[in-house]
Amino acid sequence: MPGVADLSEIEWLLKNYEFVFKRARYSYEFYEGYTRDEVQELGELWCSLGAPDHEAIVQYKPNELLCLTEALLDYIRRVLGVP
């Protein structure tokens, strides 16, 4: 798998993905109540600040998600006795 996955803060990752699944699946849900112009302004502000990942409300970490998903699939296969 390319890249590095940091699973050292597993509880944070699980809470983060719960948030992404419940509140941030679709941009129209996440930005409900904002106008298009307001969303555009927020994006521009974020970029002007240098877009610091650690301060983002929504943090998507694809390597970690892939590892967690693969581990869950492996566990399910073992429980079901599927090779």
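Read-outs: derived from the displayed coordinates by stated rules, not from any lab. Just so you know, these numbers come straight off a predicted model, no measurement behind them.
Odds and ends about this structure:
- Per residue, the average separation of C-alpha pairs within less than 8 Å and at least 6 apart gives the chain a relative contact order of 43 percent.
- Compared with the dominant principal axis of the Cα atoms in the chain, helix 62-80 is inclined by about 30°.
- Length gained on full extension, residue 32 to residue 18: 3.2 nm, using 0.36 nm per residue less the C-alpha separation.
- Kirkwood radius and radius of gyration were both taken over the C-alpha atoms of the chain, and their ratio Rg/Rh is 1.10.
- Angle between the chain longest axis and helix 36-48 axis [Cα atoms, degrees, rounded to 10]: 80
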